[in-house]
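Student: I'd like to ask you about the structure that follows.
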Amino acid sequence: MSALTLTACGAVDNLGGSGDSASPKKGDDITVGLLLPDKDTARFEKFDYPIIKKEVASLTHGKGKVVYANAEASPATQSRQFRQIVDKKVDVILVDALDAKAIAPDVQKAKDAGIPVIAYDRLAQGPIDAYVSHDNELVGEVQGRAIIEALGSKASSSKIVMMNGDPADPNTAKFKEGALGELKDKVQIAKQYDTDKWSPVLAKAKMKKAIQAIGLNNIAAVYSANDGMAGAVIDALKEAGATKVPPVTGQDANLDAVQRIVSGEQYMTVYKSFLDEATNAAKMAVDKVQGRDISFDALTRDTVDSPTTKKIPAMLVPVVVLTKDNIKATVIADGVYSVKDICTPKYEADCAAVGLK
């Protein structure tokens, strides 16, 4: 399935100049602060951080560096890390906020110190200078649509469970909004849960409760907002005695999720190009520091609103529905995984069945 291309809302107002600065604000000797939220989501440590680090170095002829910290799912830790990198006087900050509202005072502190802040993956509150992510409502829409397509003519009589993400994550509301737009009045939403910190442990416990309340054989599908929770949901279903797992959605294209899709245990995931998102975040950060206004504006042709700031310049990267039919054309073609990564001995037969060799 091809990428769902997003239409830009139009160029944003010029951010401080009519062209690339003849004498940039700063040269290549720049420091980018990078704050990522957790290690449970495999992509952050394996892809996002290394890609951003490599791209910053490439854009600055090896002179730029990245100061990195991972909050390991603790908003208090992330706040402390944020204050520490402000005190280190970095030139720009990229932050994937665990708690969009709680991080706002730290964003303000950076602003007061003259340090621009770019919200990465999740839209933080406070005086954010720019935002790079995906169309998160669209993510929910394609997940919800996948369930409707999987259920077909039985959709209206089918009971499903919704396993939503962390309510403190601003993306969760967008995923949910998009999914409900596709699911509401088309299926019976028997149970719906929010899951603090996207915890697979909590998701599994909630899924067990849903199975007890609804009955294993009465659950026709599960909307899981991401892959970590999808794995936990599938484990709960199998432990309850499911011989055939009903359609379960996901997001992030984690390796174990791709393997579950190959084996038929997980129905789909949403692949969001880590390469595109991370590469463009690094470009935005460097351009912002170096005063390259035209280049920065070209990257941020959309705008988004947060509860505290309107018309934030944004880049919204396209998303792709990943199923067993397009693994080659997506994560393998992009170099995220190799066939060898996916097709371990446990999955060799399943890989052969879907043409992965």
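Student: Quick check on region 95-142: of everything there that is part of a loop (DSSP other than H, G, I, E, B) and basic (Lys, Arg), which residue is most open to solvent (accessible area, probe 1.4 Å)? Please lay out each step first, then the result.
Tutor: Restricting attention to region 95-142, the residues satisfying the condition of being part of a loop (DSSP other than H, G, I, E, B) are 96-103, 113-116, 121-129, 135.
When the remaining residues are screened for being basic (Lys, Arg), the result is 101, 122.
Details: 101: 145, 122: 16 Å².
Looking at the filtered set, the residue picked out is 101.
Student: Ok, one more. Specify the residue that is farthest from residue 268 (Cα to Cα); the eligible residues are those in region 181-231 that are under 20 Å from the mean Cα position of the chain (by Cα), of a type in the set (Gly, Ala, Ser) and part of a loop (DSSP other than H, G, I, E, B).
Tutor: Taking the candidates together, the pick is 199.
Student: If residue 237 passes every condition in (1) under 18 Å from residue 183 (Cα atoms); (2) assigned to a helix (DSSP H, G or I) but one, which one does it miss?
Tutor: (1)
Student: Still on this structure: Report yes if residue 273 is surrounded by fewer than 18 Cβ atoms within 10 Å (Cβ to Cβ) and either under 18 Å from residue 322 (Cβ atoms) or among the hydrophobic types (A, V, I, L, M, F, W, C) (or both), otherwise no.
Tutor: No: the conditions fail for residue 273.
Student: Just need a number here: residues in region 17-38 that are out of contact with any Gly (no Cβ under 7 Å at 6 or more places or on another chain), within 20 Å of residue 94 (Cβ to Cβ) and modelled with pLDDT under 90.
Tutor: Going through region 17-38 one residue at a time, the tally reaches 1.
Student: In region 317-329, which residue that is at pLDDT 95 or above and crowded, with 22+ Cβ neighbours inside 10 Å is farthest from residue 135 (Cα to Cα)?
Tutor: Among residues in region 317-329 that are at pLDDT 95 or above and crowded, with 22+ Cβ neighbours inside 10 Å, the one farthest from residue 135 (Cα to Cα) is 327.
Student: Condition test on residue 311, is it more than 26 Å from residue 31 (Cα to Cα) and open to solvent by 30 Å² or more (accessible area, probe 1.4 Å)?
Tutor: In short, yes.
Student: Can you list residue pairs whose Cβ atoms sit under 6 Å apart, with the first residue in region 197-219 being crowded, with 17+ Cβ neighbours inside 10 Å and the second being hydroxyl-bearing (Ser, Thr, Tyr)? Count only pairs 6 or more apart in sequence or on different chains.
Tutor: 202/195; 203/195; 206/193
The values are calculated or read from the model by the stated rules, or taken from the named source; none is laboratory data. What you see is a predicted model; the values in this text were computed from it and never measured. No Cβ is skipped: glycine too gets one built from the backbone with ideal geometry, and neighbour counts run over all protein chains shown. We work out accessible area using only protein heavy atoms, side chains counted, and drop any ligands, DNA or RNA first. Shrake-Rupley method; radii C 1.70, N 1.55, O 1.52, S 1.80 Å.
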